[in-house]
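Novice: Encoded as structure tokens, here's the structure I'll be asking about.
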Amino acid sequence: MTQTASQTLLRGRILDFHAEPEDDSHTSAFSYIEDGAILMSEGHILATGDFASVNEMARDAVIVDHRPHLLMAGFVDTHIHFPQVQVIASWGAQLLEWLNNYTFPEEMRFVDPEHCATMAGHFYDLLLSYGTTSAVAYCSVHRSSAEAYFTEAAERNMRMIGGKVMMDRNAPDGLLDTPQSSYDDSKALIRKWHGKGRALYAVTPRFAITSSPEQLEMAGALAAEHPDCHIQTHLSENHDEIAFTRELYPDAQDYLGVYERYGLLTPKSLLGHSIHLEPREIDVLAETGAKPVFCPTSNLFLGSGLFDDQGLRARGITNAIATDVGGGTSYSMLQTLKEGYKVLQLQKQKLHPLRAFHWITRGNAVALELEDKIGTLAAGSEADIVVLDARATPAMALRMDRARTLSEELFVLQTLGDDRAIAQVYVAGVAMKAD
Ligand code: GUN
Ligand code: ZN
């Protein structure tokens with residue numbers, strides 16, 4: 001007897017994006033189905049559509065009824081620091097002082113593989129409880145932290161991108177590698193993890209301040225040898241950081257010129273923050289296809305500045321959005337949108353709720369060049385799905401009584417929602433939350 005793979009059918013209201021919508025009138029950019037279904041098998045989506053027609057093609061599917069909740073692709077966080085789960089919510093400092101006083105001491109503890117494993121368990125529990133099914137993370141300088149990061153992701157079959165940070169100066173001794181050891185350790189991790197299951201590696205020089213020119217050259221070599229790996233670093237987050245970088249690299253034209261010189265700017269490059277940019281730097285972003293990453297809760301918390309989403313978009317640049325925990329103050333991509341909305345309001349820029357939810361799903365997937373795998377509910381995609389309850393709290397339910405449109409519901413979710421609004425989350429077709 002031939003055995004057919006088991007199927008699961010999720011029923012509920014469905015929102016899926018095909019392009020970036022500007023507003024409600026841009027109906028070709030998204031599908032909304034009132035009585036919808038997603039059919040899944042072996043970790044992938046077989047079909048998404050109206051319940052009646054998807055149910056007809058299902059074979060012995062287990063039906064899970066999520067009505068009246070809203071189903072969409074799992075959230076994607078494009079910049080987060082795994083070793084900062086015990087740094088989040090540290091008082092009173094701006095970037096460089098915050099790094100020295102809180103972050104570096106905490107990251108030193110990741111020299112211990114047992115600590116790494118324990119924290120990795122917490123890290124993924126947190127991501128999933130907030131509806132984040134994929135993320136791009138900085139591990140600590142220690143190879144053991146990246147091992148724990150990828151091992152735990154594999155346990156849960158999550159599509160995760162990450163890398164050990166390369167840092168060889170301007171930090172305590174316990175956090176420093178060397179140009180050669182950072183190359184060797186990154187190389188070994190790439191060989192072991194990149195493309196294994198759902199894991200992908202990101203070459204991760206922390207930022208120009210903590211890397212010597214020799215180390216950035218090694219990072220550029222790794223990026224050239226592994227063009228399908230991502231590259232991640234930080235750029236122009238804070239004025240003191242920029243001034244220190246200019247001192248350390250006096251020959252560079254500007255901050256971005258440092259990364260440019262070492263071959264670190266490609267469409268796979270993710271540049272955390274990118275707030276205080278010179279006109280030439282914006283030209284280089286547009287030319288190279290490197291992606292700025294907007295981290296609103298972090299930018300507000302560390303007093304870093306206001307990200308110019310509209311200005312960069314007007315130049316054809318694709319911006320990603322992310323939490324940046326532990327500079328960021330929430331694991332929630334909903335809360336990230338809430339603060340992002342306010343950062344843009346302060347600059348008289350708009351963030352429509354449809355564009356917002358596109359951003360944390362398909363938009364971030366596009367920024368990662370992974371939209372054929374994650375970020376949508378298209379047939380063939382990996383079955384990472386979030387189930388949202390816009391009435392999760394009394395305040396939300398009361399507000400929802402007056403909501404008349406999908407966009408209003410989305411705005412309630414992003415303004416008032418957090419982990420309580422995540423009714424369920426599926427990773428590669430498997431429910432991750434206890435009912
Ligand atoms: N720049 C270099 N390292 C970091 C970090 O850990 N967090 C933030 N927000 N900025 C950085
Ligand atoms: Zn960061």
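Matching residues to (1) farther than 23 Å from Ser236 by Cβ; (2) within 16 Å of ligand 2 (Cβ to nearest atom); (3) free of Cβ contacts under 8 Å to residues at least 40 places away in the same chain:
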{"site": "Thr78", "(1), (2), (3)": "no, yes, no"}
{"site": "Ser90", "(1), (2), (3)": "no, yes, no"}
{"site": "Met108", "(1), (2), (3)": "yes, no, no"}
{"site": "Tyr124", "(1), (2), (3)": "yes, no, yes"}
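Novice: Something else now. Taking Leu312 as the residue in question, decide whether it is more than 12 Å from ligand 2 (Cβ to nearest atom) and closer than 21 Å to Leu416 by Cβ.
Specialist: In short, no.
Novice: State all residues of region 240-251 that are in contact with a helix residue (DSSP H, G or I) (Cβ under 9 Å, 6 or more places away or on another chain) and either in contact (Cβ under 8 Å) with a residue 40 or more places away in the chain or open to solvent by 10 Å² or more (accessible area, probe 1.4 Å) (or both); if no residue qualifies, say none. Spell out how you get there, then give the answer.
Specialist: First, pick out the residues of region 240-251 that are in contact with a helix residue (DSSP H, G or I) (Cβ under 9 Å, 6 or more places away or on another chain): 240-242, 244-246, 248-249, 251.
Passing the criteria: Asp240, Glu241, Ile242, Phe244, Arg246, Leu248, Tyr249, Asp251.
Novice: Looking at Glu152, Glu147, Glu56, Glu114, can you tell me which residue is free of Cβ contacts under 8 Å to residues at least 60 places away in the same chain and closer than 26 Å to Asp418 by Cα?
Specialist: Going through Glu152, Glu147, Glu56, Glu114 in turn, just one is free of Cβ contacts under 8 Å to residues at least 60 places away in the same chain and closer than 26 Å to Asp418 by Cα: Glu152.
Novice: Can I ask one more? Take the conditions closer than 30 Å to Asp435 by Cα, away from ligand 1 (no atom under 15 Å from the Cβ) and acidic (Asp, Glu) and apply them to Asp125. Does it pass?
Specialist: Criteria met by Asp125.
Novice: In region 98-122, which residues are away from ligand 1 (no atom under 12 Å from the Cβ) and among the charged types (D, E, K, R)?
Specialist: Selection gives Arg109, Asp112, Glu114.
Novice: Being buried (at least 22 other Cβ atoms within 10 Å of the Cβ), outside any helix (DSSP H, G or I) and either within 16 Å of ligand 1 (Cβ to nearest atom) or free of Cβ contacts under 8 Å to residues at least 12 places away in the same chain (or both) is the filter here, so list the residues in region 290-313 that pass it.
Specialist: Within region 290-313, Pro292, Val293, Phe294, Cys295, Leu302, Ser304, Phe307 meet the criteria.
Novice: Which members of region 384-435 meet the condition of being more than 30 Å from Glu42 (Cα to Cα), part of a loop (DSSP other than H, G, I, E, B) and open to solvent by less than 30 Å² (accessible area, probe 1.4 Å)?
Specialist: If the condition is that a residue be more than 30 Å from Glu42 (Cα to Cα), part of a loop (DSSP other than H, G, I, E, B) and open to solvent by less than 30 Å² (accessible area, probe 1.4 Å), then Thr393, Ala403, Gly417 are the ones that fit.
Novice: Farther than 21 Å from Ile360 by Cβ and not hydroxyl-bearing (Ser, Thr, Tyr): does that describe Leu312? Show your work before the answer.
Specialist: Working: farther than 21 Å from Ile360 by Cβ: no; not hydroxyl-bearing (Ser, Thr, Tyr): yes.
It is false that Leu312 is farther than 21 Å from Ile360 by Cβ and not hydroxyl-bearing (Ser, Thr, Tyr).
The values are calculated or read from the model by the stated rules, or taken from the named source; none is laboratory data. Note that the coordinates shown come from a computational prediction; the quantities given were computed from them, not determined experimentally. Cβ sites come from the backbone with ideal geometry, for glycine too, and all protein chains shown count toward neighbours. We work out accessible area using only protein heavy atoms, side chains counted, and drop any ligands, DNA or RNA first. Shrake-Rupley method; radii C 1.70, N 1.55, O 1.52, S 1.80 Å.
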